[in-house]
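Notes for the one structure printed next.
None of the figures in this text is laboratory data; all of them are computed from the coordinates on show. Keep in mind it's a predicted model, so treat the numbers as computed, not measured. Here the Cβ positions follow ideal geometry from the backbone for every residue, glycine too, while neighbour counts run over all protein chains shown.
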Amino acid sequence: MAKLTISDDWWTAPAEGDNGRLILVTGRRGLENVMATGFYRYRVEVTWQYEEDAKGLPAYADSKIMEEVTDALNGCFNRDPVAVLTGIYTGDGERNWVFYTRSLHIFQRKFNEVMTPFPTLPLQFEAEEDPDWQEYHEMCQCEVAEGDE
């Protein structure tokens, strides 16, 4: 069986949270082939509530760790695509990473392995079945098309 090719094409756009505050949405394009496998049925959302600045964004030190964590997770799941990072939401005092995974158990094990070198972070996890990738499709509506900026 051929290895699954996973897009590394990302976009970022501003959005408005439920309370009207800025949320930066970063999404991954070109995941139709991943969705088509039917294997990535579970959505896992990992949330880090951080101390926010006046705009609801993280301090530089936190944002640096967030980017290091993102890179480490992407690296892990690019090598072993048991999960795919599909979106990142940052703002209003929260960073949310959204993954679709084939196995919650293996995702948890891999996630913990990746996090070993990092300090203990205040992360919360939520998982549910989302075989139609409903959250992903909703997130993609935030993308700003060229010329719409």
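Some values worked out for this structure:
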{"quantity": "Residue-by-residue Karplus 3J(HN,Hα) for region 131-136, coefficients 6.51, -1.76, 1.60, Hz, glycine and proline x", "calculated": "x, 8, 6, 4, 4, 4"}
{"quantity": "Under 16 Å from residue 55, Cα to Cα: aspartates and glutamates that are on another chain or at least 8 residues apart", "calculated": "16, 18, 92, 94"}
{"quantity": "Which of 97, 133, 10 has the fewest Cβ neighbours within 10 Å, and the rest in rising order", "calculated": "10, 133, 97"}
{"quantity": "Once the Cα gyration tensor of the chain is diagonalised, semi-axes √(5λ) in Å", "calculated": "24, 20, 14"}
{"quantity": "Stretch gain in nm, segment residue 138-residue 102, where the contour uses 0.36 nm per residue and the Cα spacing is subtracted", "calculated": "10.9 nm"}
{"quantity": "Mean shadow area of region 68-149 over all directions, Cα convex hull, nm²", "calculated": "6.9"}
{"quantity": "Pairwise FRET efficiency - residue 120 versus residue 3, Cβ, R0 = 30 Å, nearest 0.05", "calculated": "0.35"}
{"quantity": "At most 13 other Cβ within 10 Å, DSSP loop - GluC sites (Glu not before Pro), region 3-63", "calculated": "51"}
{"quantity": "Only Lys, Arg (+1) and Asp, Glu (-1) charged, at Cβ; the chain dipole about Cα centre in debye", "calculated": "760"}
